[in-house]
Amino acid sequence: MSEVELLSEVRRQSFPEEWYDASEESHFWFRWRMRTLSLALADAKVGTNRPLRALDVGCGSGVLAAQLEAATAWSVDATDLNLPALERCRPRRGRTFYYDVTERRAELSGAYDVVILFDLLEHLSDPRAMAKAALAHLKPGGTLLVNVPALPSLTSEYDRAAGHLRRYTRRSLERELDGLGLRTLALRYWGLSLVPLLAARKIVLARPGPCTIDRGFRPPLSAINAALCALMRLETWGLRQPPLGTSVLYAGLKGP
């Protein structure tokens, strides 16, 4: 496990630990998200072969940070306010630290080429404040990457159990980031083939229960996970810009 540096005062968090129990790089959703990110980085012409420095805000147990370091030449610093989740992170080239980015430490101001806000804004009552704080850590000309769950009509008991306050559309995510000095480089839905599954999840998990997170996120069989990975490869090969999806991914350039 990574050594966690404490840069902020540790506070208690109530995020469901069972979500981290199911968070593995082999999980179809993490692989699908990473594949979509790779496509978006290519479209935005962000150099994955350059030794860029990235900050993954709200990294959880570090799955994305590990995926990015394996797929790029980047060093990815990972930070979260859930200490048990950070303690699950594997060692990487980048650092792992407990840090509240709204504190805007001077030594980290404008220090990063890439800042990542993946599956974080939907948990916050004031997502724009988080986006502004994250952008303070990004160099002018650097890239902000955002991923959020999509389609408000898919909101279910799973979302409530996971602490989601909202689901986005492409338009509502752009509005969320409007006026922050960003130029959109890429904006896409992903997971079109997952829309029926999430609609079914909404029906199956109509009543909250103690296993809502596990039932709503973890594939019950490895064969199902493998089948969904195959579906991911098919969709991302044949449909680079789905008209809808279960998530929205954004890449934007910070102005001077």
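Values quoted throughout were computed directly from the atomic coordinates according to the rules given, and no laboratory measurement underlies them. A quick note: this is a predicted structure, and the numbers were derived from the prediction, not measured. All Cβ positions, glycine included, derive from the backbone under ideal geometry; neighbour counts span all protein chains shown.
Observations
- Max mean-square fluctuation residue, GNM over the chain, Cα-Cα springs under 10 Å, options LEU205, LEU173, LEU135: LEU205
- The phi-based Karplus calculation (6.51 cos²θ - 1.76 cosθ + 1.60; θ = phi - 60°) puts the 3J(HN,Hα) values of segment 86-94 at 4, 5, 7, 5, 7, x, 9, 5, x Hz, whole numbers, x for Gly and Pro.
- Pairwise label distance in nanometres, GLU3 with LEU83, each label 7 Å out on the Cα-Cβ vector: 1.8
- Length added when fully stretched, TRP237-SER125, from 0.36 nm per residue minus Cα-Cα: 36.7 nm
- Per-pair calculated FRET efficiency, R0 = 45 Å: SER38 and VAL204 via Cβ, rounded to 0.05: 0.90
- Counting other Cβ atoms within 10 Å as a rough exposure proxy, the listed residues ASP159, ASP113, ASP21 run ASP21, ASP113, ASP159 from fewest neighbours to most.
- Set of lysines with alpha-carbon distance to LYS45 below 21 Å, sequence-local pairs under 8 removed: LYS139, LYS254
- Under the Karplus curve 6.51 cos²θ - 1.76 cosθ + 1.60, θ = phi - 60°, whole-Hz ³J(HN,Hα) for segment 244-256, x wherever Gly or Pro sits: 9, x, 8, 9, 10, 10, 10, 10, x, 9, 7, x, x
- Distant-in-sequence amide H partners of ARG93 (H built 1.01 Å from N, under 5 Å): VAL76
- Highest mean packing first, where packing is the average number of other Cβ atoms within 10 Å per residue, the peptides 100-110, 25-35 line up as 25-35, 100-110.
- Dipole magnitude (debye, nearest 20) for the chain, charges at Cβ of Lys, Arg, Asp, Glu: 800
- From the alpha carbon centroid of segment 188-222 to that of segment 1-58 is 21 Å.
- Residues in segment 4-16 carry Karplus couplings, in order, of 9, 8, 9, 9, 10, 5, 6, 10, 6, 10, 10, 5, x Hz; the curve used is 6.51 cos²θ - 1.76 cosθ + 1.60 with θ = phi - 60°, and Gly or Pro positions show x.
- Modelled spin-label separation between ASP178 and GLU107, with each label point placed 7 Å from Cα along the Cα-to-Cβ direction: 4.0 nm.
- Other-chain or far-sequence residues with amide H under 5 Å of LEU185's (modelled H): ALA251, GLY252, LEU253
- Pairwise label distance in nanometres, GLU17 with LEU192, each label 7 Å out on the Cα-Cβ vector: 4.1
- Per-residue Cβ neighbour rank within 10 angstrom, fewest leading, CYS229, CYS89: CYS229, CYS89
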